[in-house]
1. Once ligands and nucleic acids are excluded and a 1.4 Å probe is used, how much of Thr146 is accessible, expressed in Å² to the nearest 10?
2. Measure off 7 Å from each Cα along the Cα-to-Cβ vector at Met1 and Ile230, then give the distance between these two points in nanometres to one decimal.
3. Kirkwood Rh, the stretch 190-233, all Cα pairs: how many Å?
4. Which one, Leu224, Thr270, Asn248, is farthest towards the positive end of the dipole of the stretch 224-270 when Lys and Arg carry +1 and Asp and Glu -1 on their Cβ?
5. Please list Arg48, Arg78, Arg272, Arg294 from largest to smallest accessible area, probe radius 1.4 Å, with all protein chains kept in place.
6. With N denoting the number of residues in the stretch 121-233, provide Rg(C-alpha) divided by 2.2 N^0.38 Å, to two decimal places.
7. Compute the length gained on full extension between Val14 and His291: take 0.36 nm times their separation in residues and subtract their Cα-Cα distance, giving the result in nm to one decimal.
8. Modelled label-to-label distance, Arg202 and Arg118, 7 Å Cα→beta-carbon offset: nm?
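The values are calculated or read from the model by the stated rules, or taken from the named source; none is laboratory data. Just so it is clear, the model here is predicted, and its values are computed rather than measured. Cβ placement follows ideal geometry from the backbone for every residue including glycine, while neighbour counts extend to all protein chains displayed. Quick note on the areas: whole protein, heavy atoms, side chains included, nothing else; ligands and nucleic acids left out. Shrake-Rupley method; radii C 1.70, N 1.55, O 1.52, S 1.80 Å.
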Amino acid sequence: MVCLIDVHAHFCPVTFLNQVERRRDCVFPPRLERLLSYLPSMSDPQVRIGAMDEHGIDYSVLSLAAVNVWPWNPREARELSRLANEELALVKDRHPGRFEILGTVPMEDPTEAPKELRYLMLNLGFPGVMIGANIHGKLLDDPAFTEFWEMADELGAVIFLHPAEFYDIPALSEFDLMRLLGFLLDTSLAVARMALSGHLERYQHVRIIVPHLGGVLPFVIDRLDRGYSIFGEARRGAPYPPSYYLKNLYYDTVSFHRPALLTTLDMVGTSRLLLGSDTPNPIGGIEEAVHMIRELGLTPEEESAVLEDNARELFSSHSSRVN
């Protein structure tokens with residue numbers, strides 16, 4: 001019997017939400033209202049477990065919603081990161097066998113982010129963190145984050161790259177295009193830069209999950225490789241073409257479009273795909289996520305890899321294990 005492990009599921013502890021609501025002056029109003037509209041599933045473990053049981057999900061990997069997108073100052077970011085991590089640890093401990101946690105770190109404070117990463121992995125037993133694909137417009141391969149990546153590499157952290165808003169493209173400001181298209185561009189740009197800049201070459205022990213089937217990357221991987229082989233500027237950062245690095249990352253299946261799933265499957269094979277639902281975001285869905293995997297025509301072994309085995313191997317390589 002296959003155990004279903006959902007690696008893309010968001011959760012906000014009530015105490016964290018209370019702090020966020022108290023600082024409405026520092027929160028983007030539309031994002032806060034969306035977040036609150038997802039209650040109680042976003043913050044009540046029992047409601048979440050009920051939804052998991054309804055759809056046959058055995059284990060969910062929870063990550064904080066809206067990570068690294070609040071315009072906090074560094075002190076507030078540090079305090080809220082620690083609060084969120086401690087509360088998420090309690091959720092896991094009080095419901096053994098149902099949750100794993102990807103914590104959060106104050107990327108707004110590059111000197112404190114690696115310290116919090118070390119704390120949550122070594123003290124709380126988390127396998128890693130979810131961070132934004134950009135940090136208030138700053139790129140993840142920026143030298144300011146070197147200490148964070150060095151710590152992540154030392155610890156063999158799982159890093160989930162979640163898209164975040166970036167605000168210099170006016171065309172994305174209407175029709176909710178930031179979420180519908182901008183998010184995919186954000187993640188794709190972050191990963192392409194990490195491949196071409198040599199970032200992924202330097203930090204080979206970090207295990208990266210790219211959500212939403214890798215954004216647009218599966219559709220442009222040949223263009224990236226061709227550009228690498230033709231243009232000297234594209235080659236100056238990394239010794240290997242982008243596809244070499246992209247095929248070593250993990251990709252969740254949060255896209256319910258069969259051709260898109262097949263394209264990412266063709267790029268990386270079943271060994272790098274992870275079941276994801278984006279719960280409780282209404283653009284995601286547990287039922288659709290599982291249904292699409294089972295409709296791909298995979299062998300039983302391949303299906304088991306995507307639904308369970310890959311996630312179990314990824315997260316069990318840390319002391320915090322999927323049971």
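1. Result for Thr146: roughly 50 Å² accessible.
2. Between Met1 and Ile230, the label points sit 5.4 nm apart.
3. On the way: mean 1/r = 0.0864 Å⁻¹.
11.6 Å is the Kirkwood radius here.
4. Leu224
5. Numbers: Arg48 0, Arg78 85, Arg272 55, Arg294 120 Å².
Heavy-atom accessible area, descending, gives Arg294, Arg78, Arg272, Arg48.
6. On the way: Rg = 15.0 Å, N = 113, 2.2 N^0.38 = 13.3 Å.
Taking the Cα Rg and dividing by 2.2 N^0.38 Å, one obtains 1.13.
7. Length gained between Val14 and His291: 96.6 nm.
8. 1.9 nm
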